[in-house]
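The next block holds one structure in the form of structure tokens; read it before the comments.
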Amino acid sequence: MKKLFPLSLILILLFSCKPASPPEPVGPVPTERQLAWHQLEYYMFVHFTVNTFTDKEWGYGDEKESVFNPTAMDCRQWAKVAKEAGMKGIIITAKHHDGFCLWPSKYTEHSVKNSVWKDGTGDVVRELRKACDEYGLKMGVYLSPWDRNSAVYGTPEYLTYYRNQLNELLTEYGDIFEVWFDGANGGDGYYGGARETRKIDNKTFYDWPNTHKIVRELQPSAVMFSDAGPDIRWVGNESGMGSLTNWCLLKKDEMYPGGDFAKILGEGHEDGKHWVPAEVDVSIRPGWFYHATQDSLVRTPENLLELYYSSVGRNSNLLLNVPPDRRGLLNEKDVESLLAFKELRTKEFASEVAKGKKINASHCRGKGFHSSNINDGDPSTCWSTDDSQLTADFTIDLGEPTEVNRILVQEYIQLGQRVQEFSVDALVGSEWQKVTEGTTIGYKIIRKFPVVKASKIRVTIKRSKACPVISNVELFRSPGM
Ligand code: FUL
């Protein structure tokens, strides 16, 4: 018997540590550019145009260029604040629906070149480029497909105009990480003096596939956002709410920008044929543009933290709009709130208690996929089970009763999004208590639960499309409720 023991031990070890091949990818997987985008998580939206000076949300297109006149314009201040706030980039409304261009486009007179700002020699996009470079931020551009100024809007000629402008933005301003195609389209406007209503067919008018080709050719690393991708999708609301069930997958061929797909956009399609993750765009103020009357309505740091949980915490990126005021500066109120939110967030995730703790899984695929990969702090390693094993759990041994109230989980999305249902239990004393449960995971989820003093935390994958592949779990004792 004594001799058999070491032999059986060796057999067990051999079995559990057999070198394993990685699981096959399941369904669509992210492209390199999408993977890089996931990792950005949080960046700034900047809505700035003639509206800032006319106090409107949607300019009609007949605004005089001279109204655009920021008195202390400073993109470096925007970038400095974004950096200090922990954001990774800035997306600017190079042209909003009013058609006014923040760069001196050679295809229109309706731009900064005819404003009084810097006697018409200024270029907001170029200043932002420089500022982003200085602060190590990425830059993205919003180019509104709807143009209420253009005389040719609604005709095929407009497509040439739109693409020419896109070409300028994608060739003259360095690397662009995201191109934002808004879904609001067609309606009344100035249209070169016609002052009429122009309706377009969302499905056909823009000939999107050919516009997308231009972006791919000129900026191969850029992701494209719209209601329906191709790379990143709208989350279906502007209130900052990612969906609890959130597949990064979409049947995008059945959709088009400006269509009525809000609910689908929130959840995505479990059986979607394309990887098109959700981005949560939301403003720090009620409006997208600056209005002095909204100075008292800036979101509080606490509210911004809630937005963070309902976006980044729900497998989405957070694109937070912070509109410059008439000086061309981010307003003190917004800056104060943003930076206080950064502080709150840092404190919220300061005490991580799972890293390097003993961890055991009910199943292991074999060598290279051990459960210790889950809490090793290295997102490039992962835990997985045999192909046929679709349910499994792993337990983190905290060593001693430890207060915990947040959990962060990440799938190894390079191999697809798999988990359909999970639950989390805590061992409190000698009793297991469920602390949270959910459906999808994806790139990242963060869940809150009331503080428990747990000696162990167990995560159970209850349903999965294929063997689960988990890259990271973190547990926190946050000061928040
Ligand atoms: C919407 C636009 O109509 C708003 O003005 C804003 O730009 C928002 C981000 O997208 O569709």
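Run the quick spin-label model on T391 and K367: label points 7 Å from Cα toward the beta carbon, then report their separation in nm to one decimal.
Simple spin-label model gives 3.2 nm for this pair.
If each DSSP helix of 4+ residues adds -39,500 (n - 2.57) and the sum is divided by the residues in the chain, what number results at 222 nm, nearest 500 deg cm²/dmol? Can you show the working numbers first?
Details: 10 runs with 108 residues, N = 481.
Rounded to the nearest 500, it is -7000 deg cm²/dmol.
By how many nm would the segment from S423 to K64 grow when fully extended, if each residue of separation counts as 0.36 nm and the alpha-carbon distance is taken off?
Values: separation 359, 0.36 × 359 = 129.24 nm, distance 5.77 nm.
Using 0.36 nm per residue and subtracting the Cα-Cα distance, I get 123.5 nm.
With a/c under 1.5 counting as rounded, go ahead and sort segment 81-228 into rounded, prolate or oblate using the C-alpha gyration tensor (a ≥ b ≥ c being the square roots of the eigenvalues; past the cut-off, prolate if a/b is larger than b/c, else oblate). Could the numbers behind the result be given before it?
On the way: a/c = 1.96, a/b = 1.34, b/c = 1.46.
The shape class here is oblate.
What is the order of S380, S66, S310, fewest Cβ neighbours within 10 Å to most? Walk me through the numbers before you get to the answer.
Numbers: S380 10, S66 13, S310 20.
Least to most surrounded, the residues fall as S380, S66, S310.
Using θ = phi - 60° and the Karplus form 6.51 cos²θ - 1.76 cosθ + 1.60, what ³J(HN,Hα) does each residue of segment 425-433 get, whole Hz, x for Gly and Pro?
10, 10, 8, 10, x, 10, 10, 7, 10
Rank-order 438-445, 117-124 by packing density, defined as the average count of other C-beta atoms within 10 Å over each peptide's residues, highest first. Spell out each step's value before the answer.
On the way: 438-445: 22.8, 117-124: 16.8.
Going by the mean number of other Cβ atoms within 10 Å, highest first, we get 438-445, 117-124.
By count of other Cβ within 10 Å, fewest leading, how are M224, M481 ordered?
Working: M224 19, M481 7.
Exposure proxy ranking, most exposed first: M481, M224.
Under 12 Å from a point placed 7 Å out from the Cα of R477 along the Cα-to-Cβ direction: which residues of segment 330-364 have their backbone N that close?
351-354
In nm, what is the difference between 0.36 nm times the number of residues separating D378 and V451 and their Cα-Cα distance? Provide the component values of the computation, followed by the final result.
Working: separation 73, 0.36 × 73 = 26.28 nm, distance 2.64 nm.
Taking 0.36 nm per residue and subtracting the Cα distance, the gain is 23.6 nm.
Less than 9 Å Cβ to Cβ from V404, Lys/Arg counted +1 and Asp/Glu -1: what total charge do the surrounding residues give? Spell out each step's value before the answer.
On the way: positive: R406, K453, R477; negative: E403.
So the environment of V404 carries a net charge of +2.
Which lysines, on any chain, are close to K453 with Cα under 22 Å apart, when same-chain ones fewer than 8 places away are left out?
The reachable lysines, counting only those whose Cα sits under 22 Å from K453, are K347, K355, K357, K358, K434.
So if we plug the beta-carbon distance of V152 and N237 into 1/(1 + (r/R0)^6) with R0 = 30 Å, what FRET efficiency do we get, rounded to 0.05?
0.40
Pop the C-beta distance of D133 and E400 into the FRET formula with R0 = 35 Å and round what comes out to the nearest 0.05.
On the way: r = 48 Å, r/R0 = 1.38.
Step by step, r from the Cβ atoms, then E = 0.15.
Mind listing the long-range amide H neighbours of G328? Cut-off is under 5 Å, sequence gap 5 or more, other chains count too, H placed in the peptide plane at 1.01 Å from N.
T71, A72
Say each of L339 and E431 gets a label point 7 Å from the Cα, pointing the same way as Cα to Cβ; how far apart are those two points in nm?
Modelled inter-label distance: 4.7 nm.
Please list the non-local residues whose amide H lies under 5 Å from the amide H of N472, H modeled 1.01 Å from N, same-chain partners needing a gap of 5 or more.
Under 5 Å from the amide H of N472: Q410.
So who's got an amide H within less than 5 Å of the one on T391, skipping anything under 5 residues away but keeping other chains? H placed 1.01 Å off N, in plane.
none
Report, in cubic angstrom per residue, the convex hull volume of the C-alpha atoms of segment 358-476. Don't skip to the end; give the middle numbers.
Working: hull volume 10.5 nm³, N = 119.
Cα-based convex hull of segment 358-476, divided per residue, equals 88 Å³.
Out of Y308, F449, I396, whose Cα points farthest toward the positive end of the dipole of the chain (charges: +1 Lys, Arg; -1 Asp, Glu; placed on Cβ)?
So the residue we want is I396.
For Y107 and T54, calculate 0.36 nm times their separation in residues minus their Cα-Cα distance, and state this gained length in nm to one decimal.
Result: 16.7 nm gained on full extension.
Can you run phi through the Karplus equation (6.51, -1.76, 1.60; θ = phi - 60°) for segment 123-133 and list ³J(HN,Hα) in whole Hz, with x for Gly and Pro?
Karplus values, whole Hz, x for Gly and Pro: 8, 5, 5, 5, 4, 5, 3, 4, 5, 5, 4.
For segment 148-158, take each phi angle, set θ = phi - 60°, evaluate the Karplus expression 6.51 cos²θ - 1.76 cosθ + 1.60, and give the result in whole Hz per residue in order, putting x for glycine and proline.
7, 9, 5, 5, 9, 4, x, 10, x, 4, 5
Under Stokes-Einstein, with the Kirkwood radius over Cα pairs standing in for Rh, what whole-number D in µm²/s applies to segment 281-332 at 4 °C and 1.567 mPa s?
Working: Rh = 11.7 Å.
It comes out at roughly 111 µm²/s.
How would you rank 228-234, 364-370, highest first, on the average number of other Cβ atoms within 10 Å across their residues?
Details: 228-234: 24.6, 364-370: 20.1.
Ranked from most to least packed, the peptides come out as 228-234, 364-370.
No value in this document is a laboratory result; all are computed from the given coordinates. Here the structure is a predicted model, which is why all the values come from computation and not from measurement. In this analysis, Cβ positions are derived from the backbone assuming ideal geometry, glycine residues included, and neighbour counts consider all displayed protein chains.
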